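Asks: Mind having a look at this structure? Questions to follow.
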Amino acid sequence: MAVCVRSLHYSGFSRQILKTTAVFSKRHISERVSSKSEPRSAPQTADHVLYTQEHFALKDSLRKIIDQEINPYVDEWEEKGQFPAHRIFKILGSAGFLGVNKPVEYGGLGLDFSYSVAVAEELGSINCGGIPMAIGVQSDMATPALARFGSAELKKEFLLPSIMGDKVACLGVSEVGAGSDVASIKTKAVRKGDEFVINGGKMWTTTGSQADWMCLLANTSDGPPHKNKSLICLPMDLPGIHIARKINKLGMWSSDTAEVFFDDVRVPCKNVIGEEGMGFTYQMLQFQEERMWGVANILTTMEKIIQETINYTRQRKIFHQPVLHHQVVHFRLAELQTEIELLRSLLYRCTALYIKGNDVTKLASMAKLKGGRLARELGDGCLQYWGGMGFTSDVLVSRFYRDSRLMSIGAGADEVMLSIICKYMDTLPKK
Ligand SMILES: Cc1cc2nc3c(=O)[nH]c(=O)nc-3n(C[C@H](O)[C@H](O)[C@H](O)COP(=O)(O)OP(=O)(O)OC[C@H]3O[C@@H](n4cnc5c(N)ncnc54)[C@H](O)[C@@H]3O)c2cc1C
C-alpha cells in the first residue's frame, strides 16, 4: 500500500492532505457484480452550481482515504458493531477533513459550509451509514455551537483536538423520555460554587462508548423550557459518568450507540458553551447544519444504490431478458434518479443561501424530510429488483435499506420537520 503526502492550499491555508493509492484487498459481493467505474456524486465541471475545483480536489483526496483506510474494513466493523473511531478520526483529522468550515486558529480549514456539504457527499461513498454518521457527529453536529459561541479556552481544550482527530466527540441531546420534544429533557446541571453538578442521562448517543467528550444539553435553571438550557463541554472520563449499554440496532451497526447516565458529575461552570440559558437556541442552530449534512451524505449513497441496481439487473436475466430491460424497472430507476436530482437542487440552493447568512430553517427541514422519505422509497424500490439477493446481508442494498431508515427518525423525525415547515407556512393551530 503506497502512501504519499502532498500539500493543498485552501483560502491561503495549507494542510497536508493524505494522498493515498491502494488496491482493495477485500471487496463486497455487490461491488463484484458492479461495473468497474464508481459513479461520481456530481459532474466534475468548473461551472458546477455550488462547487469549485477546490471542492472537487477536497472530495478526491477524501475519496482516496475512504478507498484505502475505510471501505476495505467496513464489513469487519459492521460485524463487530463498532469502528475504531480514534484511529479513523486521526487519519481524517490529520488530513483536515474534520473541520473544513472551522476556524484556522483551531486547526480548521476556514472554509465555508459548502465545503462541509462536499465532504458529507463524499463520505456517502463509504459502504455503510454508521461510519459517515459518526464522522458527521464529530465534524458538524457536536462542534458547530462550540466553534461559534465557545470561549477561546473551551475551543482550545475541546474543538482543536476534535478537529485534529485527537479527541472523539459525541452529542448528548436525546433522552429516554425526550427525543422529538427537545425542550422537555430532564438532565439537570445545578450550580454549586464554580461547578455544575449533573444528574440524569442521555439516550442514543452516537460514539458514546468511545467518546472523550460530550456536547451536553442540560437544564441549568428552572426557567421556561426554551430559556433554561445550556450546552456544556463534558469530558467523558469524569467520575459519575456511566455508559449503561451499547444498544443493538436495526442498522448503522458499525456505529456504537450508547445510553449514558450522570450521577453527581461535577464539571466547571466555565465549560458552558457561550451564554448560560442559550443552549436550546444554540442546539436549534446546530441542527440546521446537521440536517443539511445528513441530506448531502445520503445523496451519494442513494446514487450508488441506483447504480449498483442498474449493474445487477443488467446482468441478471429473467424470462430471457435482463431484469433491467423490463420497462417497469428502468422507468422506476429513472424516476428515483429524478427525485435525487430534485433533492440535490434543493440542498445546493439551501447551502448557497446558508453561506450567505440567510435563515434556511424551512428549506433545510424540507430537504431533511424529503431525504428521509426518498431514502425509504429508494431502498425498498431498489431492493425489490435484486430478488432474493436483496434479502441477503451480502449486498449493499440491504445494508442501505436498514441504515437509511434512521434518516426519517434521527435529527428530528419527519413529523418534526413537517411541524417546522407548517410553522413557517403559518398553518399550525394556535394554542
Ligand atoms: C442510531 C441512532 C443514533 C442517534 N444518535 C444520536 C446522538 O448522537 N445524539 C442525540 O442526542 N440523539 C441521537 N439519536 C436520537 C434521535 O435524534 C431521536 O431518536 C429522534 O430525535 C426521535 O426521538 P425519539 O426516538 O425519542 O422518538 P419520539 O420523540 O418518542 O417520537 C416517536 C415518533 O413520534 C412521531 N412524532 C414526533 N413528533 C411528532 C408530531 N409533532 N406529530 C406527530 N407525530 C410526531 C415521529 O414519528 C417519531 O418517530 C439517535 C437515534 C438513533 C436511533
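Asks: State the antiparallel share, in %, of DSSP beta bridges confined to the chain, rounding to the nearest 5.
Replies: Restricted to the chain, the bridges split so that about 85 percent are antiparallel.
Asks: Could you state the number of Å between the C-alpha centres of segment 137-215 and segment 224-286?
Replies: Between the Cα centres of segment 224-286 and segment 137-215 lies a distance of 4 Å.
Asks: Nearest 10 degrees, 0 to 90: what angle lies between the long axis of helix 53-65 and the longest principal axis of the chain (Cα atoms)?
Replies: With rounding to tens, the tilt is 90 degrees.
Asks: Semi-axes of the chain's equivalent ellipsoid from the Cα gyration tensor, sqrt of 5 times each eigenvalue, largest first, rounded to whole Å?
Replies: Gyration-tensor ellipsoid for the chain: 36, 24, 21 Å.
Asks: Now, a different point. As a footprinting exposure proxy, order Ser393, Ser94 by other Cβ within 10 Å, with the fewest listed first.
Replies: Ascending Cβ contact count within 10 Å gives the list Ser393, Ser94.
Asks: Now, a different point. Can you give me the relative contact order of segment 170-278 as a percent, contacts being Cα pairs under 8 Å and 6 or more apart?
Replies: Taking the mean separation of contacting Cα pairs over the length of segment 170-278, I get 31 percent.
Asks: May I ask you to compute the full-extension gain from Asp112 to Val49, defined as 0.36 nm times their residue separation minus their alpha-carbon distance, rounded to one decimal in nm?
Replies: Details: separation 63, 0.36 × 63 = 22.68 nm, distance 1.51 nm.
Working it through step by step, the gained length comes to 21.2 nm.
Asks: Sticking with this structure for a sec: Based on the Cβ-Cβ distance of Glu275 and Phe391, what FRET efficiency does E = 1/(1 + (r/R0)^6) give at R0 = 41 Å, to the nearest 0.05?
Replies: The pair Glu275/Phe391 has a calculated efficiency of 0.20.
Asks: What's the ranking of 239-249, 108-118 by average number of surrounding C-beta atoms within 10 Å, highest first?
Replies: Descending packing order for the listed peptides: 108-118, 239-249.
Asks: Still on this model: Defining a contact as two alpha carbons under 8 Å apart and six or more residues distant in sequence, what relative contact order in percent does segment 46-204 show?
Replies: Contact order relative to length: 21 percent.
Asks: Evaluate segment 206-249: find the radius of gyration of its Cα atoms, find its Kirkwood radius, and give the ratio Rg to Rh.
Replies: With Rh from the inverse mean 1/r over Cα pairs, Rg/Rh is 1.06.
Asks: Please give the FRET efficiency for Asn199 paired with Arg314, using the beta carbon to beta carbon distance and R0 = 41 Å, rounded to the nearest 0.05.
Replies: 0.10
Asks: If we count other beta carbons within 10 Å of each Cβ, what is the order of Thr281, Thr338, Thr206, fewest first?
Replies: Values: Thr281 17, Thr338 10, Thr206 27.
Neighbour counts put them in this order, fewest first: Thr338, Thr281, Thr206.
Asks: What angle do you read, to the nearest 10 degrees and between 0 and 90, between the alpha-carbon axis of helix 361-385 and the longest principal axis of the chain?
Replies: So the helix axis and the longest Cα principal axis differ by about 40 degrees.
Asks: Now a separate question. Got the relative contact order for the chain handy, in percent, Cα pairs under 8 Å and 6 or more residues apart? Write out the running numbers ahead of the final one.
Replies: On the way: 820 pairs, mean separation 68.2, N = 431.
About 16 percent, as a whole number.
Asks: Still on this model: State, to one decimal in nm, how far the label point of His330 lies from the label point of Leu285, with both points 7 Å from Cα in the Cβ direction.
Replies: 5.1 nm
Asks: If one takes the longest principal axis of the Cα atoms in the chain, at what angle in degrees, from 0 to 90 and to the nearest 10, does the Cα axis of helix 414-425 lie?
Replies: It works out to around 70 degrees.
Asks: Report the full-extension gain for the segment Asp380 to Asp264: residue separation times 0.36 nm, less the Cα-Cα distance, to one decimal in nm. It would help to have the intermediate numbers written out before the result.
Replies: Values: separation 116, 0.36 × 116 = 41.76 nm, distance 4.59 nm.
Gain on stretching Asp380 to Asp264: 37.2 nm.
Asks: Counting other beta carbons within 10 Å of each residue's own, what order do Phe280, Phe158, Phe319 fall into, fewest first?
Replies: Phe319, Phe280, Phe158
Asks: While we're looking at this one, here's another question. Would you mind checking Lys246/Lys270; Lys155/Lys356; Lys229/Lys270 for any pair whose Cα atoms are more than 21 angstrom apart? Display every interim value, and only then the final one.
Replies: Values: Lys246/Lys270 30 Å; Lys155/Lys356 24 Å; Lys229/Lys270 15 Å.
Over 21 Å Cα-Cα: Lys246/Lys270; Lys155/Lys356.
Asks: Along segment 115-123, what does the Karplus equation 6.51 cos²θ - 1.76 cosθ + 1.60 (θ = phi - 60°) give for ³J(HN,Hα), rounded to whole Hz, x for Gly and Pro?
Replies: Using θ = phi - 60°, the values come out as 6, 5, 5, 5, 5, 4, 4, 5, 5 Hz.
Asks: Next question. If each residue of separation counts as 0.36 nm, what is the full-extension length gain between Lys423 and Gln337 once their alpha-carbon separation is subtracted?
Replies: Computed gain between Lys423 and Gln337 is 27.9 nm.
Asks: May I pose another question? Simple spin-label model, 7 Å along Cα-to-Cβ: Lys90 to Lys186 in nm?
Replies: Output for this residue pair reads 4.0 nm.
Quick note: the coordinates plus some simple rules give every number you see, no bench work behind them. Please read all numbers here as calculations on a predicted model, not as lab measurements. Note: ideal-geometry Cβ built from the backbone for every residue, glycine included; neighbour counts use all protein chains shown.
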